[in-house]
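Reviewing the structure listed below.
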Amino acid sequence: MINWFKKKRKINYPDFWESYARQFNDKLSQDLNSIRFVVLDTETTGFDYENDRVLSIGALSLKNSTIIVNESFEVFLDQHFYHAKNVEIHGILKDGKQDRITELEALMLFLEFIGNAVLVAHHARFDINMINHALKRHGMPKLKNKVLDTSVLFKKSLIATPLSRTQEAYTLDYLADKFDISTKDRHTALGDAYITAIAFLKILVKLKAQRNFSVKKLLR
């Protein structure tokens, strides 16, 4: 008799991916103070997921409403092309002095750093998609982490009234101005991650003050 129901062949991913993936076997804690958040930002050659590349990744670790100063992450990636207009924004030159590593090396280090943390970014979809496309180029699945977007969270923290309507989206510069956060290192991956981290902590305070706040709702 022919067996029409063949077992799905197990894909053998690299050891560093398997080590990362195993950390998601346990459920995420519902105690907000015990959850590790990683706030991240990327600088890229452009905005095309297929054709553009990540130039730099910066990230900070948060726990118990505190930035863990000795847990930061910053890498610069070796890439072959740069768009002049974007160089004017992020300042990363093709022949810059920063030490560069390969895309695969950067992904390995990034996965090791984030573990099973909840990821936070401003307009997170772009950063996460850029990283996921990089993973795909090296034969790996998408990131498994929960992801929060500070633009979306800030909007949820506002109380809409006839005199004060919410916007469709909020820029990082808007949040920096709103919460009086220094933009000295704006448009560097680690600098933007820092601004996002401070904004996230401010937004969390506003969200926790809402009557219907819960960790489950936050991470939904």
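Quick notes
- Of interest is the spacing of the C-alpha centroids, which for the stretch 8-60 and the stretch 173-213 amounts to 21 Å.
- Difference of contour (0.36 nm per residue) and Cα-Cα distance, Arg22 to Glu105: 27.9 nm
- Sequence-separation-based contact order of the chain, relative, with Cα cut under 8 Å and 6+ spacing, percent: 23
- Positive-end residue, the stretch 92-220 charge dipole about Cα centroid, Cβ charges, pick of His122, Leu172, Leu148: Leu148
- Accessible area per residue for the chain is 62 Å², calculated with a 1.4 Å probe on protein heavy atoms, without ligands, DNA or RNA.
- Residue-by-residue Karplus 3J(HN,Hα) for the stretch 18-26, coefficients 6.51, -1.76, 1.60, Hz, glycine and proline x: 4, 4, 5, 5, 4, 6, 9, 5, 9
- GNM on the chain, alpha-carbon springs under 10 angstrom: the most fluctuating residue among Val205, Val120, Val147 is Val205.
- Available extension along the chain between Ser214 and Phe47 is 56.7 nm, counting 0.36 nm per residue and deducting the alpha carbon span.
- Shape of the stretch 123-215, Cα gyration tensor, a/c cut at 1.5: prolate
- Percent accessible area from carbon and sulfur atoms, the chain, protein chains only, probe 1.4 Å: 52
- Build a GNM of the chain with springs between Cα atoms under 10 Å apart, and of Ala59, Ala176, Ala199 the one that fluctuates most is Ala176.
- 3J(HN,Hα) couplings calculated from phi for the stretch 100-112 with the Karplus curve 6.51 cos²θ - 1.76 cosθ + 1.60 (θ = phi - 60°) are, in sequence order, 10, 10, 6, 4, 5, 4, 5, 5, 4, 5, 5, 4, 5 Hz; Gly and Pro show x.
- Once exposed loop GluC sites (Glu not before Pro) are cut out (DSSP; at most 10 other Cβ, 10 Å), longest piece of the chain: 51-167
- Gaussian network model of the chain, springs between alpha carbon atoms under 10 Å - residue of Asp180, Asp192, Asp78 with greatest fluctuation: Asp180
- Leu158-Ser182 FRET efficiency (beta carbon distance; Förster radius 41 Å; 0.05 resolution): 0.95
- Computed from backbone phi, the HN-Hα couplings of the stretch 40-52 come to 9, 8, 10, 10, 9, 6, x, 10, 8, 4, 7, 9, 8 Hz, rounded to whole numbers (Karplus: 6.51 cos²θ - 1.76 cosθ + 1.60, θ = phi - 60°; Gly and Pro given as x).
- Amide H contacts for Lys146 (H built 1.01 Å from N in the peptide plane; partners 5 or more residues away or on another chain; cut-off under 5 Å): Leu119.
The values are calculated or read from the model by the stated rules, or taken from the named source; none is laboratory data. These numbers were taken from a predicted model, which means no experiment stands behind them. When we count neighbours, we look across all protein chains shown, and the Cβ atoms used for this are built from the backbone with ideal geometry, even at glycine. Quick note on the areas: whole protein, heavy atoms, side chains included, nothing else; ligands and nucleic acids left out. Shrake-Rupley method; radii C 1.70, N 1.55, O 1.52, S 1.80 Å.
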